[in-house]
Structure formats: C-alpha cells, structure tokens
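These notes concern the structure reproduced below.
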Amino acid sequence: MTEPLLRSARWIAADYMARALRPGDAAVDATMGNGHDTERLARLVGAEGRVTAFDIQAQALAQTRARLTAAGLIDRVTLIQDSHAQMAKYLERPPRLIDFNLGFLPGGDKSVTTLLPSTLAAVQAAMALLTPGGLLLVCCYPGHDEGLRELNALRALFSGIRPQEFNILEHVFVNAGPAAPVCFAAEKQY
Ligand SMILES: C[S@@+](CC[C@H](N)C(=O)[O-])C[C@H]1O[C@@H](n2cnc3c(N)ncnc32)[C@H](O)[C@@H]1O
C-alpha cells in the first residue's frame with residue numbers, strides 16, 4: 001500500500017518544513033517541548049544552519065538538550081528558556097521558518113499550556129521577523145478551552161492579513177470533528 005498523503009496537522013507541518021528549509025538556513029522552534037521538532041529542524045538546516053528554540057519550562061530544555069546531544073546536533077541549536085513572545089530579543093538573523101506547536105508538553109504538566117495573549121504577541125512578532133519568502137507554521141488544538149480560543153483568535157488575525165503581505169492556508173480535517181488539530185501555514189510575500 002502507498003503511504004497516505006493526508007495524515008495529521010503535525011505531519012502537514014513537517015512536510016512544509018522539509019520543503020521550505022535548505023542547508024544553512026535559520027529556523028525557530030517557538031514551542032520546543034520534548035524537542036522532536038527542534039531535532040527535525042536541526043537536521044534540515046544542516047551543520048551551517050541555526051535553530052533557536054524556546055520554551056518556558058526547564059523540563060522541556062532538559063529533554064531537548066538530551067535529545068539533541070544524543071543525536072549529535074546540539075552544536076547547531078540554541079535553547080532558550082523564555083516566552084516565545086520575547087523571540088525578537090534573541091534572534092541574530094531573520095529566520096526562514098518559524099514553527100509553533102501550541103498546547104501543553106506531552107507527558108508534562110497540562111496546566112502549563114500556551115496562552116492566548118502571549119501566543120498572539122508571539123505570532124505577530126514571528127510574522128514581522130521572518131525573512132522575505134519565509135514560512136510561519138502554527139498547529140492549534142481546539143480540543144481544550146484555551147486551544148479553541150487560540151484557534152479562533154488566530155483565524156481572525158490571519159483572515160485580516162492582506163494577501164500582498166502573506167498567503168495563508170488553514171488545514172482542517174473537516175470530517176474529524178471539532179477537536180481535530182488545525183495547521184496554519186503562512187508564507188511571507190515581501
Ligand atoms: C505541544 S508542546 C510542543 C511539543 C514540541 N513541538 C515537541 O516536538 O515535543 C507545547 C510547548 O509549548 C510550551 N509553552 C507554553 N507557553 C509557552 C511560551 N509562552 N513560550 C514558549 N513555549 C511555551 C509548553 O511548555 C510546551 O512544552
């Protein structure tokens with residue numbers, strides 16, 4: 001049987017990452033968590049590239065540091081324990097791609113989740129920081145209350161952006177129920 005083309009919101013995000021990034025690029029993981037996406041990005045940008053990853057939880061930094069060290073990729077990654085809303089303070093060059101995987105740390109404290117005010121501030125900062133032609137990815141989880149608020153607010157924000165600034169797609173599995181994760185992809189046009 002051939003591989004399915006339509007799998008999950010995260011699979012769609014990973015597919016965009018692979019298509020958007022080239023060796024030597026700069027990329028941001030705005031929600032590092034256990035570091036799966038940080039590792040994916042680090043592989044894609046290569047030894048000359050740079051990944052800057054953010055999380056507010058020390059546990060996430062510890063998990064990600066261990067994962068990237070074991071993979072031999074830690075030298076191309078900067079791990080920062082701060083809110084992604086502060087990302088402009090830390091980036092040395094405009095990233096080609098910024099990825100948000102909203103929500104809480106899998107296997108961690110579910111009360112520590114991304115929150116609408118900082119998510120909105122961070123997404124707006126990310127849109128300004130991207131290099132021309134750069135890509136923003138945001139996965140939302142409307143199966144919990146704050147995730148639903150984030151999805152609705154981001155949908156409203158993105159709907160108001162002029163196409164001359166960004167082309168924005170919302171990927172929704174329309175027959176998977178209202179709690180199904182959603183992936184936004186926004187490509188900078190200027
Ligand atoms: C769904 S998890 C990310 C999973 C991760 N992409 C992975 O590959 O394992 C969301 C993460 O966002 C983090 N987070 C919550 N608020 C944040 C903020 N303001 N800035 C940065 N990270 C935040 C949480 O601590 C959690 O680890």
Item to complete: Can you tell me which residue among ALA9, ALA66 is over 25 Å from THR119 (Cα atoms) and either within 16 Å of the ligand (Cβ to nearest atom) or surrounded by 22 or more Cβ atoms within 10 Å (Cβ to Cβ) (or both)?
Response: ALA66
Worksheet item: Within region 44-75, how many residues turn out to be more than 17 Å from the chain's Cα centre (by Cα) and part of a helix (DSSP H, G or I)?
Response: 12
Discussion item. Any residue that is in contact (Cβ under 8 Å) with a residue 40 or more places away in the chain, near the ligand (Cβ under 9 Å from one of its atoms), part of a loop (DSSP other than H, G, I, E, B) and crowded, with 19+ Cβ neighbours inside 10 Å - is there at least one of those in region 127-135?
Written reply: no
Item to complete: Kindly establish whether ASP99 is over 24 Å from CYS183 (Cβ atoms) and either near the ligand (Cβ under 8 Å from one of its atoms) or modelled with pLDDT under 95 (or both).
Response: no
Item to complete: Please go through region 44-62 and pick out each residue that is within 13 Å of the ligand (Cβ to nearest atom) and within 13 Å of ASP29 (Cβ to Cβ).
Response: VAL51, THR52, ALA53, PHE54, ASP55, ALA60, LEU61
Discussion item. Suppose the filter is touching a residue at least 24 places away in the same chain (Cβ under 8 Å) and at positive phi; does GLY33 pass it?
Written reply: yes
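The values are calculated or read from the model by the stated rules, or taken from the named source; none is laboratory data. Note that the coordinates shown come from a computational prediction; the quantities given were computed from them, not determined experimentally. So basically every Cβ, Gly included, is an ideal-geometry build from the backbone, and we count neighbours across all protein chains shown.
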